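The structure under discussion appears below in the form of structure tokens.
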Amino acid sequence: MKEEFEKNGFHVLRGVLTNQDIDRLSTPIRAAFCKGDYDTFHKGPAYPAPGIHSMGPRVLDKHPEIAEVSLAHPAILAAVEELFGEPAILAQYWSIMRPPGAGIGDRPFVNGSGAHYDYKPWRCVGSNINWMFAVIPFVDYTEAVGPLTVAPGSHRKSIVLPSDGRVHQVDAAKVPVPSQIELVDPVLKKGDVVLMDGFLWHEPRPNYGNSDRCGLYMKFHAKSSPPACGPTIYPSSVHDYLSAGNKHVIPYHHGDGRFAAIQEKPVNCIEEAQILIEDRNAKILLIRNNAGKWQLPKCNAKEDDGASILDACNVMGSVINHFKDRFGLKLPWLSWLTDIVSKTSNNDEEKESRCRVYGHRMLSPAIILDHAEENYTWMSSLDLHKADKTGEILKGAEIAKWMDMWQNQTDEDGNPVTRSYGLPTTHVQYFRYNGNGNEEGTCRIGEFNEDGVPIA
């Protein structure tokens, strides 16, 4: 399996789910589409009209038991973690319904015209550099209803570059014109599960048949490859339902109904953000608060107004704009470090709040912040530890830990991680490498001009 996966970028687990498993999994999902309880319901004609109708993890909140035949299925999870060589974390839980006529345009469909891959540094799902699909078809993906085709070996055209000591750039392959893309049909049947490398080119074909094409599209990332934009938040109900041995798959969750992909618009699961801004000399920016203590800069956070439902939990746009207005800093990218979760109770109702912590390293040494209205300083790791001992820093131990994580490329437990570039959703306009129609070559993810605009 591993040899085939590394060579071709995909592997099919044949007949891993029984008909009973598929029925158990698909029944609540199909029912939600029939009731209009899905995330794209408000966009265009509703199901069963032709279209690509999709639903996020809301079904897990009401039916956490379906985790047993999907994200926590023993054979699926074991295969994913064997290929990673380490624990896996759920990055996306997405159901797609394509009724008859879905994907058929005015012009005849050309094989390869919808080919793409899903490495997207502006999206929580896809800003990892070691992750994979796990697709569960609810029906046979025949030529009539539309196979899911793949381009064997295409994942090797994208290259993760060595770390600069903090983050990894990526030479992302440009998907060429359809005539230059060779796609094969893995012949997926009900009960199969296909595992695909996150950089693999693939294409769903139109539904020319007379029945629905429906399936579950999960994405997992290796624990050592955190999402640069920060993780997607899932319902706590499914985390609580999982066995002790599987809870690691959903470490990021909300218990008060605010999780990713909610009908009509994303819900602000992330209320605040802090940034560990490091200069070229490994000093970080600290602000003096009203109590006279130093702390990391903090601001309110929310999704971009124009973000799609898949962009839920990416709050980088609001954070970057805040720091530009407040300090005159142009921060073209960020990379996620950790989330801080706080819980409060009011009239027996528990409410959660989440602060997302990012890291960023400037190319310049410590600069004068002309726009700053408050006192600030740039502090080295040694100075930080000294100031913490004298009580001059608010939550100095936390900041010191995040600084160590950032500078040593580790997670909170001290394990090595491969961080990458996370971008605001507004940056999508500069990238079209992952969809077909490009000239041959690569797009360097991680290069920006003086205005903070990606060089693509």
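Odds and ends about this structure:
- Given (1) at pLDDT below 95; (2) touching a strand residue (DSSP E or B) at 6+ places or on another chain (Cβ under 8 Å); (3) within 30 Å of residue 177 (Cα to Cα), number of the condition residue 107 does not satisfy: (2)
- None of 267, 238 is of a type in the set (A, V, I, L, M, F, W, C) and either in contact with a Leu (Cβ under 7 Å, 6 or more places away or on another chain) or closer than 22 Å to residue 83 by Cβ (or both) except 238.
- Residue list for segment 316-331, restricted to those being closer than 18 Å to residue 122 by Cα and surrounded by fewer than 19 Cβ atoms within 10 Å (Cβ to Cβ): 321, 330
- Test for residue 349: is it touching a Ser or Thr at 6+ places or on another chain (Cβ under 8 Å) and either exposed (fewer than 14 other Cβ atoms within 10 Å of the Cβ) or outside the structural domain of residue 289 (by TED's automatic domain parsing) (or both): no
- Single residue of 67, 91 found to be closer than 17 Å to residue 217 by Cα, of a type in the set (Gly, Ala, Ser), under 19 Å from the mean Cα position of the chain (by Cα) and not in a loop (DSSP other than H, G, I, E, B): 91
- Positions within segment 1-24 being crowded, with 18+ Cβ neighbours inside 10 Å and out of contact with any helix residue (DSSP H, G or I) (no Cβ under 9 Å at 6 or more places or on another chain), in sequence order: 12
- Scope segment 216-245; condition closer than 22 Å to residue 412 by Cα and hydroxyl-bearing (Ser, Thr, Tyr); matching residues: 224, 225, 232, 234, 236
- Selection within segment 229-243 - assigned to a helix (DSSP H, G or I) and among the β-branched types (Val, Ile, Thr): 238
- In segment 35-49, the residues that are closer than 19 Å to residue 259 by Cα reach residues that are among the aromatic types (Phe, Trp, Tyr) and in a loop (DSSP other than H, G, I, E, B) with C-beta atoms within less than 8 angstrom, at least six apart or across chains, in these pairs: 36/47; 38/47; 41/47.
- Going through (1) crowded, with 23+ Cβ neighbours inside 10 Å; (2) out of contact with any Asp or Glu (no Cβ under 9 Å at 6 or more places or on another chain) one by one, residue 137 falls short only on (2).
- Residue within segment 305-316 that is on the phi > 0 side of the Ramachandran plot and either outside the structural domain of residue 94 (by TED's automatic domain parsing) or assigned to a helix (DSSP H, G or I) (or both) present: yes
- Qualifying residue in segment 293-301 (condition: touching a residue at least 60 places away in the same chain (Cβ under 8 Å), surrounded by fewer than 18 Cβ atoms within 10 Å (Cβ to Cβ), outside the structural domain of residue 44 (by TED's automatic domain parsing) and in a loop (DSSP other than H, G, I, E, B)): yes
- The lone exception for residue 230 - which of (1) buried (at least 20 other Cβ atoms within 10 Å of the Cβ); (2) on the phi < 0 side of the Ramachandran plot it fails: (2)
The values are calculated or read from the model by the stated rules, or taken from the named source; none is laboratory data. The structure presented is a predicted model; accordingly, all values stated were derived computationally and were not measured. Quick reminder, even Gly has a Cβ in these numbers, built from the backbone with ideal geometry, and neighbours come from all protein chains shown.
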